[in-house]
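The values are calculated or read from the model by the stated rules, or taken from the named source; none is laboratory data. Given the structure is predicted, the values throughout are model-derived calculations rather than measurements. Positions of Cβ are generated from backbone atoms using ideal geometry, with glycine treated the same way; all protein chains shown enter the neighbour counts. Accessible surface areas use protein heavy atoms only, side chains included; no ligands, DNA or RNA. Shrake-Rupley method; radii C 1.70, N 1.55, O 1.52, S 1.80 Å.
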Amino acid sequence: MMDKGSGRNLGERVLRHEVTPVFSVLLVFMIVVSIMSPHFMRFQNINSVFQNLSIVGMVTMGMGLVMISGGIDLSVGWMMSLCGSSVAYMMVNLGLPEGLAFVLGLLLGMALGTIMGFIIASTKIEPFIISLGFMSAYQGITYIITGAREIKLQPEMFTALGKTRIFNIGSPVYFFVILTAILWLLLKYTRFGRRLYAVGGNADAAYLAGINVRLFKMGIYTINGFIVSFASMVYVSRLGTGSPLIGLNAEIDAIAAVVVGGVAMKGGKGNMWGVFIGVVLLAFISNALNLMGISPFYQYLLKGVLIVGSVLISYYGGIRSQSSKSKA
């Protein structure tokens, strides 16, 4: 059974030993860009970057939980589109009050996450395959609901969630930071966190230690569905429209930030502040490339290289760690 302190320190060990090279390269690049472009470190630019990254950042937090538990969810992008479009449809086409549509949107996300989690936890099928199937299903349902068109809200409709500003900082940024802090505290100081690391590290050992692994994994996907649906509604509120494409490529951005932030693809390692830093670094790298006039096509290339590089660093770091333990 995992001792009380080991789960709490896993993320710190990963950040210290495995992702430092990636962080170093990205930080050096950002420093160079800040010297080359005087606009990069201005408050307006930083505030704009955080405003833009906060939505996908929340989705990334949910992805971080799923991947620490040993799973993965490729459907989060289209789940965002489905939940956001459904809420817009309920308010515009069905005339439901904003509060009721908001609650139903959250319940929809949780239900979708629970169904997926139940199938993954109850079978030996890889989460990659299950979530890929759900991604296709969500895409189809979204297009059926929207007719492949945006559902525009009235100007005064559903504005508080995504358009409120405090100290000239948008509410999505606060939601992102608060969510990160809550999940970090849960993982570091609670039984839930210790069980998450235990299940992700070795599900069989966790089961023998008395953890209901099937129910726990299903719960993780339920939480992920809640987070994704909330993020989608913040996005709809901010844009004032329920677009079927609001979650396009969100799963790629989320997975890239999670692995750069130190979460092992096989699960059991990582923490929320590492994921937070991964989100921020990738967003600022993308912003820096835009300021330098570099084509967005190269940004996709960079994300792919970062994912592969981070996984390789994690893999060889694990081999060195196992080799050191065997010699000792």
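At-a-glance table
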quantity	calculated
Distant-in-sequence amide H partners of T241 (H built 1.01 Å from N, under 5 Å)	L153
Protection-proxy order for peptides 103-115, 65-77, each taking the mean of Cβ atoms within 10 Å per residue, highest first	65-77, 103-115
Whole-percent carbon and sulfur share, accessible surface of region 71-158, 1.4 Å	70
Euclidean distance of C-alpha centroids, region 288-316 and region 197-212, integer Å	34
Computed E for R42/Y298 - FRET, C-beta separation, R0 25 angstrom, nearest 0.05	0.60
Extended-chain gain in nm, criterion 0.36 nm per residue less alpha-carbon gap, A111 and N168	17.0 nm
Estimated vicinal HN-Hα couplings, Hz - region 48-61 in sequence order (Karplus 6.51, -1.76, 1.60; Gly, Pro = x)	5, 5, 5, 4, 6, 7, 5, 5, 5, x, 5, 4, 5, 4
FRET efficiency, 1/(1 + (r/R0)^6) with R0 25 Å, evaluated for I252 and K124 via beta carbons	0.40
Contour excess over end-to-end distance, with Cα ends at Y89 and L245 and 0.36 nm allotted per residue	54.7 nm
A181 paired with M265, simple spin-label distance in nm, labels 7 Å along Cα-to-beta-carbon	3.5
Percent of alpha-carbon pairs separated by more than 27 Å within region 65-222	37
Note, ³J(HN,Hα) from phi for region 208-215, Karplus 6.51, -1.76, 1.60, rounded to Hz, x at Gly and Pro	5, 7, x, 8, 6, 4, 4, 5
For region 79-94, 3J(HN,Hα) per residue [Karplus equation, 6.51 cos²θ - 1.76 cosθ + 1.60, θ = phi - 60°, Hz, x = Gly/Pro]	5, 4, 4, 5, 5, x, 5, 5, 5, 4, 4, 5, 6, 7, 8, 9
Segment V311-I141, extension gain: residue separation times 0.36 nm, minus the distance between their alpha carbons	57.9 nm
Rg over Rh [alpha-carbon atoms, Kirkwood Rh] for region 186-328	1.03
Probe 1.4 Å - accessible area at I119, Å² to nearest ten	60
Contact order normalised by residue count of region 82-193, Cα under 8 Å, 6+ apart, percent	27
Cα gyration tensor shape for region 32-140, rounded if a/c is under 1.5, else prolate or oblate	oblate
Overall dimensions of region 194-267 as given by Cα atoms, namely Rg and Dmax in Å	16.0, 49
